[in-house]
Every structure is written in C-alpha cells, then in structure tokens.
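Notes follow once the structure below has been shown.
The values are calculated or read from the model by the stated rules, or taken from the named source; none is laboratory data. Since this is a predicted model, take the numbers as computed values, not measurements. Counting neighbours? That spans all protein chains shown, and the Cβs are built from the backbone with ideal geometry, glycine included.
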Number of protein chains: 2
Amino acid sequence: MSDTIGYRPQASAQVRGARAGAAQDIGSDTVDPALWTCPVPLVDGSTVVMGHGGGGAMTAELVEHLFLPAFRGGSGEGAGELADAAVLEVGGCRLAFTTDSFVVRPLFFPGGSIGDLAVNGTVNDLAMVGARPLCLSTAFILEEGTDLMELGRVADALGAAARAAGVPLVTGDTKVVDAGHGDGIYVNTTGLGLVAQGADYRPGRARPGDVVLVSGAVGAHGMAVLSCREGLEFDADVHSDTRPLHALVAVMGRTGADIHTLRDPTRGGLAATLNEIARDASVGISIRERDVPVADAVADACNILGLDPFAIANEGVLVALVAAEGADRVLAAMRAHPDGREAAAIGVVSAENPGVVTARTGLGGSRVVDLPTGTELPRIC
Amino acid sequence: MSDTIGYRPQASAQVRGARAGAAQDIGSDTVDPALWTCPVPLVDGSTVVMGHGGGGAMTAELVEHLFLPAFRGGSGEGAGELADAAVLEVGGCRLAFTTDSFVVRPLFFPGGSIGDLAVNGTVNDLAMVGARPLCLSTAFILEEGTDLMELGRVADALGAAARAAGVPLVTGDTKVVDAGHGDGIYVNTTGLGLVAQGADYRPGRARPGDVVLVSGAVGAHGMAVLSCREGLEFDADVHSDTRPLHALVAVMGRTGADIHTLRDPTRGGLAATLNEIARDASVGISIRERDVPVADAVADACNILGLDPFAIANEGVLVALVAAEGADRVLAAMRAHPDGREAAAIGVVSAENPGVVTARTGLGGSRVVDLPTGTELPRIC
C-alpha cells in the first residue's frame, strides 16, 4: 500500500552490522506541530485527525516530522525515499519486508473483506519492489464482545486469500482490548519476500520519456467500500478490485523491458501515487484523463458525490513507468494476463515541471492533479 | 512473547514452494464454540472476552479452534507446535519471523513504556529461537484526537529502545480510527532475525534430567503496570523488567552447553511457559518455589492482591532448559552478564507426570502449577 514508509537509508548496511549506541534522550519537545507546513486542522489541533491515516500529505508529514526523527534519534539523516517495502540484504539474498494494519469498515464489502485486503495489500507491497512473497504474519486486535462467528468469517477470508495468493501465514498474535476501545477486528499483516535478481522499481528511477501504464480501471475499491457505508447504495456493479499482483509483476518482468518504477495506488489513489513518483524522481508526469480506465458505475458514483476517481483507493491495480522502447511489450503482456486485461497507457514522463502531475482533460485543457491532503474516504483499508 | 503462535508445520517447505491452490469456501459454521473445551464465559457467550488475549488456555483455544482451521483451510494438518517465532529457510539462511501487537495501558509505567515493550518483546521472540535480530517493522493504529505530543513521546521511546537493542526500524505504517474506536495508540512490531548455526531451542526439545534456569526475578512487569492502574499504589521499587535478551542468549550459546529449550515467560508468566513446555515435550517439570527469584516488593504486592507471581507477566526474563552436565556453566555465564545477574536454577525436568508442572512449596509440600485460563491482568503488553 502506498502508505507503507521505508525508513531505509543504508538499510542493508544497518542490517549487516546493526546500529549500536545507547538510548538517547529525545525529548517530546522535538515535536512541534506549529512548525509543520501542513494545513489545518493539524497545526491548530495538535491532535491526531483522520487525515493522518489517509496516505496523503498529512500522513507524509507525520512520518517525516514525528516518526523519522524519533526513530533516527536526531542523527540528521535525510527523510529517505518513500517505498512500499524495505529491502535488506541478508546472507546474499535481497529480502523485502513490509507491514500494514487494516481498519476498514465494514469488514465485508462488495468484492472483498478485511481478510482479502490484509493478504493482498501486503502481498502487493512486496510485489511493488519486485519481490516474490514468501510468507505473512498476522496479528489481531480484537474488541471484547466481538462475535466469534464474525471473527471466524474474517479468519476464513484471510486464510482463503492467502491460499489464493499462494502465500502461507506462518506466525501470529492475538490481543483483546476492552469494549469501546476497538472496533471489532483490526488486523496487521507483515510480509517477507525475496526480491528478483536485478529488480529495482523504486519511484526515484522514473525518467523523462517513460510511458505511464496502469493495469486496470481505477477507483473501484474506494467506491465499493463507500457503497455499503453511510447508507449509500450505488449500482450493484461497483466491486472492490482487491487481488494479489505478484503474478502480474512476474509476467511484466519477463518481458525484459526496462521497467523503472512500480507502485500500487492504494490510499490517495492514482493522484497520490503519481505525485509521489513525480516528487521522488524530480520529473513531470502528464496523463490523459480519457485514457485512464474508470468503470462506468464508478464514474457515475463519483459524479454524484463530487469525488475524483483519481483520488480514490485501489487494491488491485498497479502503475508502471516503463522506458518507451519496451512499453508496448509490457502493455501487451499485462493485457494477456487475467489481472491486467484492462491495462492502458495513460501518460508520459517529462523533464518539464518536475514534481508536478498534470492531466489533459476531455475538453483539451490541462489541470494540475494535486497530492490529496488527508482522505476523502477514511478507513478504506 | 509467549503468545506468538508459530503456524508452522512444514514452514520451510511452504516457503520454498509456496502453496498453490484456489481459495476454498470455508463456511463460518466451521466455528462452533459449543464444541470447545474451554470453560465459560467462552462457550456461553460466543463472543470475544478479555481472557482470549491473556496468552493462556483461552488464547490457545482461539488459535487452535478458530485461526488454525481457517488458515489451513481444513487441510487436516495438526495444530503444530507453539513457538515464539516461525523459522523459515530462505536462500540457505534460517530466518526467524515474529509479530506482536501492543495494547498496554497506561502507555508509560514504572520502568518502561509501550515503546520499550514493542521493541524488546519482538526482539525477545527472535532471541528465544536463537536468532540475532536484523530489523523491525512498526505499525501504528491511532485514535482520532490523540495528542501528538504523546504520540511523539511513544515514538521517541520506541526509537530509543531500538537503538539500545541495536536493531533498526526499517518500515512502517500509520492508520487512524475514529474517536471511540481505539485507545490512543496501538503498536504492532514484526521482527526478522537470522538464526544462529545449530540453534534449536523449541519447547518440544526439553528432556528428563534437564535443569530449569530462570534469568532473573519474576513478576515485575505485570505488577509495575498494575501499580499505576486502577488507582493502586505500591512500593516505588516495582519497575518493569523490560529489556532485550538477545545478548544474554548469545552468551549462553557460546558456553557450548546443550541448551534444549528457551522461552520468555510473558503473558501468563512462568506458569504458562512451563506448562506449555511440559505439554509440548511430554515431560513433567518440578520447580522449587523458594528458588524462584521474586523481588520483595513484587511478592508483597502479590500477597496483598492475592495474585500468584508465577502467573504474572515478565518482559525481560527467560527460562532455559539445559542438559544437566552443562547447566552450571550456563548459569555462571548468565550471572556474569548484566541481564542475568539474578539467574537461578529453579527446578528439574522428569519423565513422570508428563504435561504437568508441580512446585515444591516453602512448607515442603507439593502443588500443581496450572496453565492460567484467561488473564488476571488484561492489557499488560
């Protein structure tokens, strides 16, 4: 998921010789929200708001200004590059390691469940760094009073998704919190994967001239969850796209084309993902709105609610930035795979306007696609 | 922590060739609490109760009857052995992998904080399978309205503990839930470690004749948390024992003695850990109450509240079962290390009464030490 942050400058060096050094006294006065650049309500409130979990600018600020300084102990290291998973060298292997907690409501929604998300979300974080998933851990925080039948259904869904993805669940944990201090079931999954030889799909590798590919229609997951929440009822055709993407990535890799960057546009949607890539690679990205696949039912629902489908979460779509000469080959391979049938080329990377994403509208104009600040749809995963 | 369950029959085989197979339809009717053997309130209520998170018999039932069947898809595999971490073979390395969520209240208590527990608890799960910790992930579930300063203090504590243990935090995640659906801050850490050559400390390896060693005084962590909860005030000398134990385990391993089993007696305390070992190895364990180190302040507090210090959680103590001929050497090595100064030999393993733990009382009698059912102290870690 795009919200998983790799705190990983010199990650492999740290792993080879774990950092020594006594605990440092990092006082809480190192956290001063008044100095942050994020818009209200962050600065005004000095408390956590829903937007901090949205995977957009507010999440990034929390990570950069609060977590990273604390975890690095004021060592002055840079914020590093944001990635879906940390990559570590252990005994000659390159391992990928990634974690995600899942707090989606409702637990079951059209096309999936928290169990599907917990497996596929973490599997996809591994896939986006070019890793074959090896195994998952699963940790439950249960609220006292939760129906055991419902817990059973969630566990069944999680097990079924793991078998479908071919990734074993190998270790776990269960905690229970008092009634009123949870919400039924929260799940964390953490994944371990083996990075394929030569794979390096970091956002910073995008280059002017790259073609922007997307593996399927966007916006389905967020709208599916929304459709059964808040009393809204949409077209029955809106289903979550949750699926594991590692098989698709393997097929893309086998084309031999020069794939520079892979990301799955989860929280914050296509807009957040493209903005992060544009920033990390210092490139401009321009997409053509008409070429971005959006299911009619999703487009209709977004129109009614005034939501931008580019900012809606996906759980089974990837974005690939590929050197132009191999892009057609990769696109053909994606379309030939069951998980990429609706793949499309949606734009190009340029040296102009580094850090900025623009979209050519249906009317022939051009608009800036901003990084979403907080989240329009909270608790979507 | 003793509650981390290794779902790991044939774990390495699964990892070498991840299990294929489509999702199976495992109906929720596979969960029938009426058939479970656990005492009320589990059967009566059919809902999650605090005891399910206690690390005792109720947690084990939940894992065995609900999680394992769901995760294995009715494949008929046995429940497997419970372990602190899964061990996987990847590219010629033996990797340890373990997860824990932390929901302790209050967030800061005498001698430590949720940040210390989150690092040391997971580091110790790796250490108990003989692994050198390589890195940790950290995932936060934050409640809307949580003070950012408090979050900063927790992050600082987590970072300081990681530096003290020499283990880097390499990837993370942040989710936010609505006010009233969390409790400020929950943290999950998942750890990856490299298992030392030849190390195999599984509970099932305990053998008659083994000497039971404990690395320090028991009961401190649970009583420290309790001391600042529920309006109770104890002697100021009751501090949590939270500490990383991998350095101590390395020193013990270097004695060359035949260490059969290592465990850290966290939730459920010494009583739960010894019962699990007795069950897994089909041996009897008899301990001498007088030889088990318990700090005076902890013993006094337990007396006042009618609690058994053997059932109270520890966060910086390990239990080792060592072949008799090398036990003195291991004990001397432990006592020479700062983390094992109070180490003691507390009992022996026998072939009699397999699965049963007995304690010789101060009066010369003998009593059965039961596996705690739920938890006397909820949300202790």
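What the table below lists for this structure:
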read-out	value
Conditions (1) touching a Ser or Thr at 6+ places or on another chain (Cβ under 8 Å); (2) not assigned by TED's automatic domain parsing to the domain that holds A:Asn275: number failed by A:Gly374	(1)
Any hit, segment A:254-261, residues being aliphatic (A, V, I, L, M) and not assigned by TED's automatic domain parsing to the domain that holds A:Gly112	yes
Criterion: closer than 26 Å to B:Arg105 by Cα and of a type in the set (D, E, K, R) - qualifying residue of B:Asp280, B:Asp308, B:Asp291	B:Asp308
Residue under evaluation A:Glu325, criteria (1) within 13 Å of A:Met252 (Cα to Cα); (2) of a type in the set (Asp, Glu); (3) surrounded by fewer than 16 Cβ atoms within 10 Å (Cβ to Cβ), criterion not met	(1)
Hey, B:Arg229 out of contact with any Asp or Glu (no Cβ under 7 Å at 6 or more places or on another chain) and more than 27 Å from B:His52 (Cα to Cα) or not	no
Selected residue (only one of A:Asp156, A:Asp100, A:Asp125 is farther than 30 Å from B:Pro133 by Cα, at pLDDT 95 or above and outside the structural domain of A:Gly54 (by TED's automatic domain parsing))	A:Asp156
Only one of B:Gly204, B:Gly253, B:Gly306 that is closer than 20 Å to B:Ala343 by Cα and among the small types (Gly, Ala, Ser)	B:Gly253
Single residue of segment A:122-135 satisfying the filter (of a type in the set (A, V, I, L, M, F, W, C) and part of a strand (DSSP E or B)) that is farthest from the other protein chains (Cβ to nearest Cβ)	A:Ala131
Test: B:Ala217 is modelled with pLDDT of 95 or more and not in a helix (DSSP H, G or I)	yes
Residues within segment A:335-372 that are crowded, with 21+ Cβ neighbours inside 10 Å and out of contact with any strand residue (DSSP E or B) (no Cβ under 7 Å at 6 or more places or on another chain), tallied	3
Where B:Pro203 falls short, out of the listed (1) over 16 Å from the mean Cα position of the chain (by Cα); (2) modelled with pLDDT under 95; (3) not small (Gly, Ala, Ser)	(1)
Residue in segment A:96-121 that is nearest to A:Gly184 (Cα to Cα), counting only those that are part of a strand (DSSP E or B), more than 7 Å from every other protein chain (Cβ to nearest Cβ) and in contact (Cβ under 8 Å) with a residue 60 or more places away in the chain	A:Phe102
Residues of segment B:324-334 that turn out to be among the charged types (D, E, K, R) and in contact with a strand residue (DSSP E or B) (Cβ under 6 Å, 6 or more places away or on another chain), as a count	0
Candidates A:Ala327, A:Ala311, A:Ala344, A:Ala333 - the one that is within 17 Å of A:Pro265 (Cα to Cα) and modelled with pLDDT of 95 or more	A:Ala344
Selection within segment A:181-197 - more than 7 Å from chain B (Cβ to nearest Cβ) and under 22 Å from B:His181 (Cα atoms)	A:Gly184, A:Ile185, A:Val187, A:Thr189
Test: residue in segment A:160-181 that is touching a Leu at 6+ places or on another chain (Cβ under 9 Å), over 14 Å from A:Leu136 (Cβ atoms), in a loop (DSSP other than H, G, I, E, B) and not aliphatic (A, V, I, L, M)	no
Residue pairs meeting the criteria (Cβ under 7 Å; at least 6 apart or on separate chains; first closer than 19 Å to A:Gly166 by Cα, in segment A:176-199; second basic (Lys, Arg))	A:Gly193/A:Arg132; A:Leu194/A:Arg132; A:Val195/A:Arg94; A:Ala196/A:Arg132
A:Ala70, sole failed condition from (1) at the interface with another protein chain (Cβ under 8 Å from one of its Cβ atoms); (2) at pLDDT below 95; (3) within 19 Å of the chain's Cα centre (by Cα)	(3)
Contacts under 7 angstrom Cβ, first residue in segment B:136-161 being within 7 Å of chain A (Cβ to nearest Cβ) and within 24 Å of B:Gly193 (Cβ to Cβ), partner part of a helix (DSSP H, G or I) and of a type in the set (S, T, N, Q), 6 or more apart	B:Ala161/B:Asn120
Verdict on B:Val212 being surrounded by 22 or more Cβ atoms within 10 Å (Cβ to Cβ), away from chain A (no Cβ under 14 Å) and assigned to a strand (DSSP E or B)	yes
Count of residues meeting criterion [touching a residue at least 40 places away in the same chain (Cβ under 8 Å) and over 20 Å from the mean Cα position of the chain (by Cα)] in segment A:348-375	13
Top-ranked residue of segment B:162-179 - restricted to ones that are closer than 21 Å to A:Lys175 by Cβ and surrounded by fewer than 23 Cβ atoms within 10 Å (Cβ to Cβ), ranked as farthest from the other protein chains (Cβ to nearest Cβ)	B:Ala179
Tabulated pairs, segment B:240-261, first touching a residue at least 40 places away in the same chain (Cβ under 8 Å) and within 22 Å of B:Gly115 (Cα to Cα), second part of a helix (DSSP H, G or I) and among the charged types (D, E, K, R), C-beta under 9 angstrom, 6+ apart or interchain	B:Ser240/B:Asp116; B:Thr242/B:Asp116; B:Arg243/B:Asp116; B:Arg243/B:Asp339; B:Pro244/B:Asp339; B:Leu245/B:Asp339; B:Ala247/B:Asp339; B:Leu248/B:Asp339
Unique residue being in contact with a strand residue (DSSP E or B) (Cβ under 7 Å, 6 or more places away or on another chain), hydrophobic (A, V, I, L, M, F, W, C) and in the same structural domain as B:Gly347 (by TED's automatic domain parsing) when the list is B:Leu151, B:Leu213	B:Leu213
